[in-house]
Protein chains: 6
Amino acid sequence: MHIRLINPNSTASMTTQALESALRVASAGTRVTAVNPVGTPVSIEGSTDEAMAVPAMLSEIRAGEAQGIDAYVIACFDDPGLHAAREVARVPVIGICQAAVQVAMTISRRFSVVTTLPRSVPIIEDMVQAYGAGHHCRTVRAINLPVLGLEEDPVTAERLLLDEIERAKIEDRAEAIVLGCAGMSSLCERLSEATGVPVIDGVTAALKIAEALVGAGYSTSKVNGYDYPREKGVFDGAVALPRVGAARAALAE
Amino acid sequence: MHIRLINPNSTASMTTQALESALRVASAGTRVTAVNPVGTPVSIEGSTDEAMAVPAMLSEIRAGEAQGIDAYVIACFDDPGLHAAREVARVPVIGICQAAVQVAMTISRRFSVVTTLPRSVPIIEDMVQAYGAGHHCRTVRAINLPVLGLEEDPVTAERLLLDEIERAKIEDRAEAIVLGCAGMSSLCERLSEATGVPVIDGVTAALKIAEALVGAGYSTSKVNGYDYPREKGVFDGAVALPRVGAARAALAE
Amino acid sequence: MHIRLINPNSTASMTTQALESALRVASAGTRVTAVNPVGTPVSIEGSTDEAMAVPAMLSEIRAGEAQGIDAYVIACFDDPGLHAAREVARVPVIGICQAAVQVAMTISRRFSVVTTLPRSVPIIEDMVQAYGAGHHCRTVRAINLPVLGLEEDPVTAERLLLDEIERAKIEDRAEAIVLGCAGMSSLCERLSEATGVPVIDGVTAALKIAEALVGAGYSTSKVNGYDYPREKGVFDGAVALPRVGAARAALAE
Amino acid sequence: MHIRLINPNSTASMTTQALESALRVASAGTRVTAVNPVGTPVSIEGSTDEAMAVPAMLSEIRAGEAQGIDAYVIACFDDPGLHAAREVARVPVIGICQAAVQVAMTISRRFSVVTTLPRSVPIIEDMVQAYGAGHHCRTVRAINLPVLGLEEDPVTAERLLLDEIERAKIEDRAEAIVLGCAGMSSLCERLSEATGVPVIDGVTAALKIAEALVGAGYSTSKVNGYDYPREKGVFDGAVALPRVGAARAALAE
Amino acid sequence: MHIRLINPNSTASMTTQALESALRVASAGTRVTAVNPVGTPVSIEGSTDEAMAVPAMLSEIRAGEAQGIDAYVIACFDDPGLHAAREVARVPVIGICQAAVQVAMTISRRFSVVTTLPRSVPIIEDMVQAYGAGHHCRTVRAINLPVLGLEEDPVTAERLLLDEIERAKIEDRAEAIVLGCAGMSSLCERLSEATGVPVIDGVTAALKIAEALVGAGYSTSKVNGYDYPREKGVFDGAVALPRVGAARAALAE
Amino acid sequence: MHIRLINPNSTASMTTQALESALRVASAGTRVTAVNPVGTPVSIEGSTDEAMAVPAMLSEIRAGEAQGIDAYVIACFDDPGLHAAREVARVPVIGICQAAVQVAMTISRRFSVVTTLPRSVPIIEDMVQAYGAGHHCRTVRAINLPVLGLEEDPVTAERLLLDEIERAKIEDRAEAIVLGCAGMSSLCERLSEATGVPVIDGVTAALKIAEALVGAGYSTSKVNGYDYPREKGVFDGAVALPRVGAARAALAE
């Protein structure tokens, strides 16, 4: 079984971290490869960053489909382009936010999410709601550190996360914590040990759920909602990205 | 890894069927064993049947905990006693309804459930709602055949299921079908092939998700909601069931 | 009219307290009797305790049906086995949580619940949601005292409850308080007087609603969801409890 | 105990019918009186009719408060002015829609409502949602007969209701039926017998719940939401109605 | 285009303030006139005040319909009688709460409301929920100042509002603020400048949305829910208000 | 005031149609210009099409910001990239689905949507839910005609739309219809006249709401959720699109 991790941003060190987290838990028979497009934002912090990352990410999935990949994990907590990816792929596509939330709902009755910047809070709240966990998620919290700050200052990041998890335990009575950024992946185990509450990393969760779905023989339904994109003039095989320099067609001035 | 399937009802042939479904997809390193208590109802068709099956099912989990079981699958679509089981177990406990619903939300945008008797419809609707899939589930449908009818008259069962799935495709625009009874497990693949829509069997889904959670190192949170039951006088080791013939204490007449 | 209070736990003093609360408000023509099974947990503090209490509680309802009881009140705030009880009974079955919530929604616009242990908070939140009061209930609060602590140290219990109700008034702007444990029943009037906010005891509420439903001639609908349990081999009349010592049927090793 | 039924419309025969329904189930010690304002619409069919009926209805409640009434039942299924009435009254105020819905949620898992005109359907849906029964109510149905048509052509009315209830049984799998108009009150018992499904009349339900709340000693919370209306210049005791002929103050042309 | 502002209460200075806010933003071709009935409460602080204001407000709308008004704005944040007004009018009727909430959902992801008295909080929460913004609205806050206090002590009012908006920014992470009372209209711009967060005044929002709907040619749907009130005996043209001194018809004593 | 319509797909005739609809209702002082990127899909039929259109659409908004545009209308019913666009723009950005839904909730109590292909149904349902209209929207219907079919075979399109609207009137009791595709814009008036029910075109609605927000002085909140995208290396002014040929960084094989 070959699972492909796609980090939609262009920071290779984050891709490496995600891959390491995945490899730590991958089953014996599972091959995991990780890619990231270049040209996408260096981190995903808001809806624009998501939007700018998705077309290249979909290209990666088209490439993967040609290579016979068995499942994809989108290694960004905003699950950017998740619905689109499922249209493009025949095999399962797992978003790390959805996977983490499903695990949290299985091993606890109430959980909280801890993410990086406050601007991601409403984005994550909307996803949690859409995934059906609005009643089970106490609070989406932010440590107010940019995504890349996790790598640049890991000591501060860990301290901020520990503090926020402690607050979630007391103020939210959180029974589990979901880490709201793929870049926190490597801290997961230490945070769990230090706080005594299960801490869920979405990359780990998604990799294992991807394995599970492949193992069970599930593929993405091609009936209606996730059917392949309809063939259009602009899709010409290898080049699925919007042409650079697309001229504006000013129709009325 | 040792996963224990518990069929809460007392019909051994259904336990066998569930075990076979699980073994069909279990990973190489996974040992699966299946048990059912005796003395519980022969099938679970309503809340009373559930209630009568749960204490013995919890005994099975206590037994499993002593044996070092790594995860449990409760092989009844009503997920009877799921919250209680998670209190008793340190390891993950997977309900087949919750697992199937999580898979359905991952491989499709809208799904329908097809169960046995109409009386189970509101029970399943309430679970689907509690698992956060109320918006994604179009309809919970019933073929009006008792659970044991699935085994007694498999030809009729299959025909009724095929008809109902076709209706779900047309009337609900269902993109995936969840089988609403563990006893339909063996028909899953044939139904999917015949109808062209992904059909999800909860036993299969739950077994793989159990493997995934164990593989990732997740265990049930013991913080608050799923903490172990508090020690009480009546729990005296081996005999956790209510004593038979419990005298009524008539306090006021 | 004969209303039967069933305290699902096995602590007779709690049964007595509930009966006293019921008798305080019962109408002239109403006969109230109270029972508790023996062999069930001494208190209900979590889903396992609930599960272990329900089969014996259902036996009590079967016994009551033979005696011509007119309605049942399940005197535990978790409403354990409420759906099952309604399947077994022809007459109305009232859960004290549902009754209290219905009263709270009738005499106030926003209320809070105060219960014993934090572990019961998500359980009660889920019930409040299922009863349709998720929007009207501000917070489910816990005083962090075990159920039996209410009887063992009533002075502390009352002080903790007073403090928590004051917090609910200020922080939640609660307009009414629902007591989240049958064991708080005797304190209800004093708490209401001391805090100046209506305090609702579920036993009181349920007894009166039971009288109301019987008086109006309502019985539990036997159409579909609450129909009688289907006859099964294992139900053999007097002994409806699971047989003790149920052998595990190990099917595959 | 003295319970006052207020029919907000001005059709005395409907008030009589409601009173008869109430007297049929009132307890021995309960005195029931019924009033209707004159000058209000002859029936309540839409939000304007409601609005035009409420001030006079509130006057009735002010009058009742002076007489020491113990509880009020607002005998119109739209529950017009329910929140306002609870501000004005110290004692419980019961709306027949809310009462019927609470009974339906207690004796069944799923119910449907059958009302008169289609225009009332969204109004009732919004109330059902606000009362927390959106998940339990299958459909709000209309027989397309005006309110007064119930009295003018009772034979047609009964036939239309029977047909619609049969449809609700089949299409909705309704386990109970709520009658969506006080004017259907007298048909309740016959409809239930003819269809074999519990049929709930709001007047009956509300009268009994009013008795229950009074019997338990509950009164409307005066903390915050249902506090008495603040004293204002325009409220001058006996005349609480808006002065007729209120001049428009045209401020800017 | 002629838009009519109706202030349902009888305080002319509030009507003037609302008119000034509307004129500040009205388009060149828009004529705005403002009226308030006399005889209605001097301010709307609770459901009773609303109820007492609505019949006279509906009279204003009937008058406006005869004058060919193009749209109405109901200039009270409780949107009293909004559904009724839409039945009576052929043209659009805009409630300032609904308009402000729609703007808030368009220019921000999360907002909070700041109103006058705590008793209005659940009323506004219920409206926000009914308008579909329950997920987007963080908190409904109150400065605990009566409506008329806004005019009597504008310095205190402004200070309290500033403080509460600052709290909303920190505690709620509010991205926009909705002013929960028409009487705060004149402070809107200063509050926005002082706090750096968009502050939305409902009168302003509603006036512009009214212009928009008229400009687009929309009128209130007369299909079903907002159809004209059915003709009834009591409606006799000029006098649509309930007759004063309506005799109670005591039917049974 | 200068409002820019952006048709995210690359079919110029659809852009022209949208512009004509906008100009039909634009106020005297409003200048409307319309653009569409080239290189994006020729129509938006699913999440992939959306994703492929958004980066170029955001480029258009960046261009518009430099030109001093006062508001944007995204003229595609899927509201693709709406959150991202609001991050990029300082001025209001209106999605035609959200605008149409807000109008529908203002002029009716219940509405239905009629779109092109069934695959768009769950997408639109999710948006309607996110915009808070899940309770008010009866059904999202599809005529099973591709977007471009609206232009290629307008006679068939109109007939299919008429039929579906008639079904919505009868089966859904829809009080208003929202057209679920910008390409239906030119048919709006004829459909409304032929069916007698208000038909809402999102382009028209959005243009007028854009005018309204600009006229009121509202701009997109830059506090938190819609703050400008954080500066990142990859954003280098004129070229905001992902570079074509982005090399895959294969990290582990």
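The values are calculated or read from the model by the stated rules, or taken from the named source; none is laboratory data. Note that the coordinates shown come from a computational prediction; the quantities given were computed from them, not determined experimentally. Ideal geometry is used to build each Cβ from the backbone, glycine not excepted, and the neighbour counts take in all protein chains shown. The area values use the complete protein model at the heavy-atom level, side chains included, leaving out ligands, DNA and RNA. Shrake-Rupley method; radii C 1.70, N 1.55, O 1.52, S 1.80 Å.
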_Using a 7 Å offset from the Cα along the Cα-to-Cβ direction at both E:Tyr228 and C:Glu189, what is the distance between the two label points in nm, to one decimal?_
5.9 nm
*Report, as an integer, the average count of C-beta atoms from other chains found within 10 Å of each Cβ along F:96-104.*
3
_Simple Cβ-charge dipole of region A:1-60, Lys/Arg +1 and Asp/Glu -1, about Cα centre, in debye nearest 20_ = 320 debye
*Among F:Glu211, F:Glu152, F:Glu65: highest mean-square fluctuation, GNM of chain F, C-alpha pairs under 10 Å*: F:Glu152
*Mind checking how much accessible area A and F bury in total, 1.4 Å probe, in Å² rounded to 100?*
5300 Å²
*Measuring from a point 7 Å out along Cα→Cβ, what nm distances, shortest first, does A:Asn144 have to its partners in the other copies?*
2.7, 2.7, 5.6, 6.2, 6.3
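Would you mind working out the magnitude of the charge dipole of region B:97-204 relative to its Cα centre, with +1 at each Lys and Arg C-beta and -1 at each Asp and Glu C-beta, to the nearest 20 Debye?
The calculated dipole for region B:97-204 is roughly 400 debye.
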*Any idea of E:Glu151's accessible area? Nearest 10 Å², probe 1.4 Å.*
70 Å²
*Treating only the Cβ atoms of Lys and Arg (+1) and Asp and Glu (-1) as charged, compute the dipole magnitude of the protein assembly as shown about its Cα centre; round to the nearest 20 debye.*
0 debye
*Computed on alpha carbon atoms, what radius of gyration and Dmax characterise region A:86-144, expressed in Å?*
12.5, 38
*Rounded to the nearest 500, what is chain A's calculated 222 nm mean residue ellipticity when only DSSP H runs of at least 4 contribute -39500 (n - 2.57) each, over all residues?*
-13500 deg cm²/dmol
_Accessible area (Å², 1.4 Å probe, nearest 10) - D:Ser21_ = 0 Å²
*Links that overshoot a 18 Å alpha carbon limit, given the list D:Lys169/D:Lys208; D:Lys169/F:Lys169; C:Lys169/D:Lys222; E:Lys208/F:Lys208; C:Lys222/D:Lys208*: D:Lys169/D:Lys208; D:Lys169/F:Lys169; C:Lys222/D:Lys208
*What is the Å³ per residue value for the convex hull set by the Cα atoms of the protein assembly as shown?*
154 Å³
_What does the copy distance list look like for D:Ala12, label position 7 Å along Cα→Cβ, in nm and ordered from shortest?_
4.3, 6.2, 7.8, 7.8, 9.3
_Among E:Val73, E:Thr16, E:Ala56 - extreme Cα towards positive end, dipole of region E:1-152, charges at beta-carbon_ = E:Val73
*Top mean-square fluctuation among B:Val214, B:Val199, B:Val73, Gaussian network model of chain B, C-alpha springs under 10 Å?*
B:Val214
*Of all chain D residues, the one whose C-beta is nearest the axis that brings D onto C, in angstrom*: D:Gly132, 1
_Alpha carbon centroid spacing (whole Å) that separates region E:52-78 from region B:140-181_ = 55 Å
*Label-point separation in nm, A:Asp163 to C:Asp163, each point 7 Å along Cα→Cβ*: 2.7 nm
*asked:* Along the charge dipole of chain A, pointing to its positive end and built from +1/-1 on Cβ of Lys, Arg, Asp and Glu, which listed residue (A:Thr30, A:Ile143, A:Val197) has its Cα farthest out?
replied: A:Thr30
*Mind checking Rg over Rh on region F:97-204, alpha carbons, Kirkwood formula for Rh?*
0.92
*Obtain the radius of gyration and the Kirkwood radius of chain E from its C-alpha atoms and give Rg over Rh.*
0.98
*Of the residues B:Ile69, B:Ile123, B:Ile96, which exhibits the maximal mean-square fluctuation in a Gaussian network model of chain B defined by a 10 Å Cα contact cut-off?*
B:Ile123
*Cβ-vector label at 7 Å, B:Arg31, separations to other copies in nm*: 3.1, 5.9, 7.9, 7.9, 9.0
*Tell me, what is the percent relative contact order of chain E, built from C-alpha pairs under 8 Å that lie six or more residues apart?*
23 percent
*asked:* As an exercise, find the ratio Rg/Rh for region D:1-123 from alpha-carbon atoms, using the Kirkwood inverse-distance average for Rh.
replied: 0.96
